[in-house]
1. What is the gain in length, in nm to one decimal, between residue 79 and residue 61 on full extension, counting 0.36 nm per residue of separation less the C-alpha to C-alpha distance?
2. Between residue 19 and residue 35, what is 0.36 nm times their sequence separation minus the Cα-Cα distance? Round to one decimal in nm.
3. Calculated from DSSP H runs of 4 or more alone, at -39500 (n - 2.57) each and per residue, what is the 222 nm mean residue ellipticity of the chain, nearest 500?
4. Hey, if you drop one equal point scatterer on each alpha-carbon of the range 79-182 and run the Debye formula without solvent, what base-10 log of I(q)/I(0) do you get at q = 0.14, 0.15, 0.20 Å⁻¹?
5. Can you grab the distance from the C-alpha centre of the range 57-120 to the C-alpha centre of the range 145-162, Å, no decimals?
6. How long is the gain from residue 157 to residue 125 if the chain were fully straight, where each residue apart is worth 0.36 nm and the alpha carbon distance is subtracted?
7. What's the whole-number percent of alpha carbon pairs in the chain lying beyond 25 angstrom?
8. Rounded to the nearest 10 degrees, what's the angle between the helix 99-120 long axis and the longest principal axis of the chain, both from Cα atoms, 0 to 90?
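Every read-out reported here was derived from the displayed coordinates using simple, explicitly stated rules and does not represent laboratory data. Since we're looking at a predicted model, the values are computed, not measured. Here the Cβ positions follow ideal geometry from the backbone for every residue, glycine too, while neighbour counts run over all protein chains shown.
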């Protein structure tokens, strides 16, 4: 598993800067979550980094995830990464089952919620976001509507309480705030 190879693949398939930052954010959350669960941070991080590389290329949402999984398998990444990526679009694939698969779905969803919360801060910085802010914004269904609350709550299936996941995710994003520009 090679992060440099993964970044080259991302650069080849992703042109949108917001999508690139989303991939970095999901990677960071996945790494912190893996550490918390005593899993492999490299495997989990690469899964987060690569999960949406097909997003700009697929014409129909039903193909999203499947196309990315095919790309990463072709490039020699593990079948475990590919399957998690395939299942993160569980509306058209089997639902996530393993901790890696569930972690990807939850991390993908919470990244947008936290970034949106940062943008609501007077200074628009991640350092200003607190866990209580995330809790409040999580309860407000009209805030960051694209951040599926049910997908975020999936994290409880791997025995991570929701509030704890908020903290893990926030710390992960604050740790790469310079890369994200927030």
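1. On the way: separation 18, 0.36 × 18 = 6.48 nm, distance 2.17 nm.
Value of the extension gain: 4.3 nm.
2. Numbers: separation 16, 0.36 × 16 = 5.76 nm, distance 2.45 nm.
Here the answer is 3.3 nm.
3. Values: 10 runs with 113 residues, N = 182.
So the helix-based figure for the chain works out to -19000 deg cm²/dmol.
4. -0.54, -0.61, -1.00
5. Using only Cα atoms, the two centres lie 14 Å from each other.
6. Numbers: separation 32, 0.36 × 32 = 11.52 nm, distance 3.06 nm.
Here the answer is 8.5 nm.
7. Working: 4473 of 16471 pairs.
Of all Cα-Cα pairs in the chain, 27 percent lie more than 25 Å apart.
8. Between helix and principal axis, roughly 40 degrees.
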